[in-house]
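Engineer: Just dropping this structure here.
The values are calculated or read from the model by the stated rules, or taken from the named source; none is laboratory data. Keep in mind the model is a prediction, meaning the values are calculated, not measured. All Cβ positions, glycine included, derive from the backbone under ideal geometry; neighbour counts span all protein chains shown. Surface accessibility is based on the protein's heavy atoms, side chains included, excluding ligands, DNA and RNA. Shrake-Rupley method; radii C 1.70, N 1.55, O 1.52, S 1.80 Å.
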Amino acid sequence: MSQQPLGTLSTENLQTLYTQYQSKQLALDLTRGKPSAKQLNLADRIDGILESSFVASNTDTRNYGGLDGLADIKALGSWLLDTPESAVIAGGNSSLTMMYQTVLFQKLFNPSWQGEISFLCPTPGYDRHFSICEELGIKMIPVPLVAGGPDMELAEELVSNDKSIKGIWCVPKYQNPTGVTFDDETVARLANLGNLAGDGFIVLWDNAYAVHHLDNKHPDPLADFWALSEAAGTLDSAFLFASTSKISHAGSGVAFMACSDTQRAFFLKHLGMSSIGPDKVNQLRHVKLFPTKSALANHMALHAELIKPRMELVVRKLDEHLKAPSQGEWTRPNGGYFVTFYAPQGTATKIVALAAGLGVKLTPAGATHPYGNDDSDSVIRLAPSFPSVAELDEAMDAFCLCVALATAQ
Ligand SMILES: Cc1ncc(COP(=O)(O)O)c(C=O)c1O
């Protein structure tokens, strides 16, 4: 790769470089935020950790029952969710499933959710949240995500005037895809939204990256959404979610949610129609793996050792090669799994296509927006966790080359 910043090369030189790069036949993937194998290895001790002791607090975890999860795992849930233990429900391996069930049960069984239903979607956001809305026929209304979280001025105006709006998606910490953490004022205003909205309004508080700091000593602070909702008298609107997917093993973790007593009774009533209880053996394995909050924090510090160099590499390459804002702008997250690249208007699709031509897979332009519609054709989500550092280095050179070429053209 050129020693000179790519963004300073002439179009002709960039084109020559692009052709040279094509011959490398790269096969690199920056699409999904999957933990790397090394990250997964950190939790391998979970295999056999029970040593055939399956009983916890008088519960034989091998048997049926315990719809709301094993009592002993609730502490882990409360550390992640930042709620009282008594509010926690521990489920299967996916918090996304619990979010889907939450929305589905409201849609099917909440009388105030009849007729047209809309959701506010802070944008850019997590594509799978948007897929749930699409699947269930819920109209999505984008709300720009700004420095401190969703544009609350707009969110408040919308819920006050449009009673079809029954929910908002939030990833409050190290947001997917921007890495933004919501500021205190935004969290307080989100907790108050239920007072402005029509009946049955819910906030889906997806804290998937609650403990995923790059530097354990300097995590982004996040206000206490549960306490603020309680104080605002809107606890029935608050649904909080988290999981160990990016803490232990992504495919076999434990998911958690928390909500008010009323919503808990409603959720469990409907959940009980499809399940006799979650995998409590796996829940107990997680109790043993993370017996204390500090054991969890120590484990997350090991994750940070692996993910921090990758996140830093992405930002360093962008800083080195591209000139902001004429060649794009990018976020500098303190945690989570993603960096968002804001390409100059109208160039994201082209950049993604150019990268594909070099064998570098990027999330399709628009994927971070409801219905896949990024009107400004600008947002590209970069997910550096999975490739090795060497692969990422190469992928980022190729990415910067494609940005420089697309913007030069
Ligand atoms: C914001 C967000 N929520 C939820 C998930 C998925 O969580 P789970 O594995 O618990 O279903 C992800 C995974 O990337 C995510 O980024």
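Engineer: Restricting to segment 224-245, and then to whatever is within 16 Å of the ligand (Cβ to nearest atom) and open to solvent by less than 10 Å² (accessible area, probe 1.4 Å), can you tell me which residue is farthest from the chain's Cα centre (by Cα)?
Structural biologist: Here the answer is 225.
Engineer: Based on what the data block shows, is residue 185 farther than 24 Å from residue 146 by Cβ and among the charged types (D, E, K, R)?
Structural biologist: Answer is no for this residue.
Engineer: Of these, 81, 108, which one is at pLDDT 95 or above, in the same structural domain as residue 175 (by TED's automatic domain parsing) and out of contact with any strand residue (DSSP E or B) (no Cβ under 9 Å at 6 or more places or on another chain)?
Structural biologist: 108
Engineer: Go through segment 277-295 and give me each residue that's in a helix (DSSP H, G or I) and more than 12 Å from residue 45 (Cβ to Cβ).
Structural biologist: Taking segment 277-295 as the starting set, the residues that turn out to be in a helix (DSSP H, G or I) are 280-289, 293-295.
Answer for segment 277-295, where residues must be in a helix (DSSP H, G or I) and more than 12 Å from residue 45 (Cβ to Cβ): 280, 281, 282, 283, 284, 287, 293, 294.
Engineer: Still on this model: Hey, can you tell me all the residues within segment 95-140 that are of a type outside the set (A, V, I, L, M), within 12 Å of the ligand (Cβ to nearest atom) and touching a helix residue (DSSP H, G or I) at 6+ places or on another chain (Cβ under 7 Å)?
Structural biologist: Within segment 95-140, 100, 101, 128, 130 meet the criteria.
Engineer: Specify the residue that is farthest from the ligand (Cβ to nearest atom); the eligible residues are those in segment 197-223 that are free of Cβ contacts under 8 Å to residues at least 60 places away in the same chain and outside any strand (DSSP E or B).
Structural biologist: 217
Engineer: Return the only residue of 42, 67, 26, 81 being closer than 30 Å to residue 235 by Cα, open to solvent by 20 Å² or more (accessible area, probe 1.4 Å) and touching a Leu at 6+ places or on another chain (Cβ under 7 Å).
Structural biologist: 67
Engineer: Among the residues of segment 141-171, what is the count of those that are open to solvent by less than 50 Å² (accessible area, probe 1.4 Å), touching a strand residue (DSSP E or B) at 6+ places or on another chain (Cβ under 9 Å) and away from the ligand (no atom under 16 Å from the Cβ)?
Structural biologist: Final tally of qualifying residues: 11.
Engineer: Which residues, counting only those in segment 264-280, are free of Cβ contacts under 8 Å to residues at least 40 places away in the same chain and either within 16 Å of the ligand (Cβ to nearest atom) or not hydroxyl-bearing (Ser, Thr, Tyr) (or both)? Can you show your working first?
Structural biologist: Here is the first cut: in segment 264-280, the ones free of Cβ contacts under 8 Å to residues at least 40 places away in the same chain are 265, 269, 273-274.
Matches in segment 264-280: 265, 269, 273.
Engineer: Residues of segment 253-278 being open to solvent by 20 Å² or more (accessible area, probe 1.4 Å) and under 17 Å from residue 57 (Cβ atoms), which ones?
Structural biologist: 277, 278 - these are the residues of segment 253-278 that are open to solvent by 20 Å² or more (accessible area, probe 1.4 Å) and under 17 Å from residue 57 (Cβ atoms).
Engineer: Name every residue in segment 43-55 that is touching a residue at least 24 places away in the same chain (Cβ under 8 Å) and under 11 Å from residue 289 (Cα atoms), in order of residue number.
Structural biologist: Passing the criteria: 43, 45, 46, 49, 50.
Engineer: Report, by residue number, each residue of segment 3-23 that is buried (at least 16 other Cβ atoms within 10 Å of the Cβ) and part of a loop (DSSP other than H, G, I, E, B).
Structural biologist: Across segment 3-23, the qualifying residue is only 9.
Engineer: Let me ask something additional. Inspect segment 299-311 for any residue being in contact with a Pro (Cβ under 7 Å, 6 or more places away or on another chain), buried (at least 16 other Cβ atoms within 10 Å of the Cβ) and part of a helix (DSSP H, G or I) and give the result as yes or no. Write out each step before concluding.
Structural biologist: Quick first cut of segment 299-311, residues in contact with a Pro (Cβ under 7 Å, 6 or more places away or on another chain) only: 310-311.
Remaining after also requiring buried (at least 16 other Cβ atoms within 10 Å of the Cβ): 310-311.
The next check asks that each one be part of a helix (DSSP H, G or I); those that pass are 310-311.
Checked against the condition, which is being in contact with a Pro (Cβ under 7 Å, 6 or more places away or on another chain), buried (at least 16 other Cβ atoms within 10 Å of the Cβ) and part of a helix (DSSP H, G or I), segment 299-311 yields at least one hit.
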